[in-house]
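The next block holds one structure in the form of structure tokens; read it before the comments.
Values quoted throughout were computed directly from the atomic coordinates according to the rules given, and no laboratory measurement underlies them. This structure is a prediction, so every number in the text was calculated from the model and none was measured. Don't worry about glycine lacking a Cβ; one is built from the backbone with ideal geometry, like all the others, and counts go over all protein chains shown.
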Amino acid sequence: MVNIESLVRKNIWELKPYSTARNEFSGEASVFLDANESSYNAPYNRYPDPMQWELKRAIAAQKNVAAEQIALGGAGSDELIDLLIRTFCEPKQDNIVAIAPTYAMYKVAADINNVEYRKVALNAQFDLCANELLRVTDEHTKQIWLCSPNNPTGNSLNRREIVKIIEAFSGIVVLDEAYIDFSEHKTFLRELHKYPNLVVLQTFSKAWASAGVRLGMAFAAREIIDVLNKVKYPYNINVLTQQHALQHIVQHDDDVKTWVKNLLAEREKLRAALISLPCVLHTFPSDANFILTKVADANATYRYLVSRGVIVRNRHNVEMCESCLRITVGTPEENAKLLAELRSVEPKEAQ
């Protein structure tokens, strides 16, 4: 069994969290004079529920987990990434291990918190070897970070290797599933009861088409969630975000399924079209809502597309992604515009 107390920073475990006025009251009331709020401009004059219980219960029902197993991030998953590192890793002492290439915010959050970031390169197929990640851990490794489907490569990581890491590692394993809705692979949410050291991240930004709302979700054993709730800022999810997310879950669940279905069909059409272009050298398999695409000259192609008002992500300077562009799957009209412009790009020898 994993001892969560031994993993949490000592000062965090002993922390007495800030208690809001709304934390101290539960039940029904008609007069609120406890939080120094304005009496005008209802309902926005009131502080939001600091624990977001109504929203968490709606998410719990949809994801088939307990509401007590959920923590929410008001700056999307980026807030949760920082919160996890800040809670478990002692600055200048502890380290985290992650795959490479992967989502850049893991390293940014580690650097901000002055925590050593150890990266382990994926193989030529952009997959991981559990033994290689475990080999670089030591007594100060508090977390291993995985992203599946991975960003920017788009592929899902080998499930057996992920399980091997979770079962062999005595610290926290964070599995970022931001793109899981676009994958045929199953989420690890169903495995939470088996692995008390597992944290699964998901988001409203991708399949739920709400990137502008900035709402991330962390799912884990209640003991981990309880610690995160001690450290998070009191009202980290504003009332507008909570209202939008609740409305989205209630009114747009079927719409999300349709959006995902349409996007997956468009992804395959786009990939087939990209392969046929002279300037495209290779497209990598994708379980996400984007396609990593190798072109003859990524920098020149990127600049040309920008000049034509088409913005993709240049990943040429990312290790193992040399000469690659990351192309988000858009609407049929947006994809047609992209393809039309790429047909004008002169093919060259690979750099």
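For the reader, a short list of remarks on this structure follows.
- Taking 0.36 nm per residue of sequence separation and removing the Cα-Cα distance, the residue 311/residue 28 pair yields an extension gain of 96.8 nm.
- Between residue 191 and residue 138, residue separation times 0.36 nm minus the direct Cα-Cα distance comes to 16.5 nm.
- The packing ranking of peptides 131-137, 93-99, 50-56, highest mean first, is 93-99, 50-56, 131-137, where packing means the average number of other beta carbon atoms within 10 angstrom of each residue.
- DSSP beta bridges confined to the chain are antiparallel in about 45 percent of cases.
- Here 139, 68 are placed in order of increasing Cβ neighbour count within 10 Å, fewest first, which gives 139, 68.
- Relative contact order of the chain, defined on C-alpha pairs under 8 angstrom at six or more residues apart (%): 17 percent
- Pairs exceeding a 21 Å alpha-carbon distance, out of 107/257; 119/232; 164/186: 107/257; 119/232.
- Among 195, 106, 18, the order by Cβ neighbours within 10 angstrom, fewest to most, reads 18, 195, 106.
- Entry note, the chain: the mean residue ellipticity at 222 nm calculated from DSSP H runs of n ≥ 4, each adding -39500 (n - 2.57), is -10500 deg cm²/dmol after division by the residues and rounding to the nearest 500.
- Cα-based helix-to-principal-axis angle, 159-168 vs the chain, degrees rounded to 10: 40 degrees
- 20 °C / 1.002 mPa s Stokes-Einstein diffusion coefficient of the stretch 26-180, Kirkwood radius on C-alpha pairs, µm²/s: 120 µm²/s
- Each 20 Å bin, from zero up to the one with the longest distance, holds this percent of the alpha carbon pairs of the chain: 28, 53, 18, 1.
- Relative packing of 292-299, 311-318, which averages over residues the other C-beta atoms within 10 Å, highest first: 292-299, 311-318
- Across the stretch 93-141, the volume of the C-alpha convex hull divided among the residues equals 55 Å³ per residue.
- Maximal additional length on extending the residue 104-residue 255 stretch stands at 51.3 nm, based on 0.36 nm per residue less the C-alpha distance.
- Between residue 75 and residue 160, the C-beta separation translates, for a Förster distance of 35 Å, into a calculated FRET efficiency of about 0.55.
- Using the Cβ-Cβ distance between residue 61 and residue 238 with R0 set to 25 Å, the FRET efficiency from 1/(1 + (r/R0)^6) comes to roughly 0.65.
- Counting only Cα atoms, the stretch 254-342 measures 40, 27, 20 Å along its principal axes, largest extent leading.
- Listed from fewest to most Cβ neighbours within 10 Å, the set 103, 47 follows the order 47, 103.
- Computed from label points 7 Å out along Cα-Cβ, the spacing between residue 118 and residue 184 is 3.6 nm.
- Cα centroid separation - the stretch 272-351 against the stretch 159-198, whole Å: 31 Å
- Working note: Cα atoms of the stretch 116-172, range along each principal axis, descending, whole Å: 31, 23, 16.
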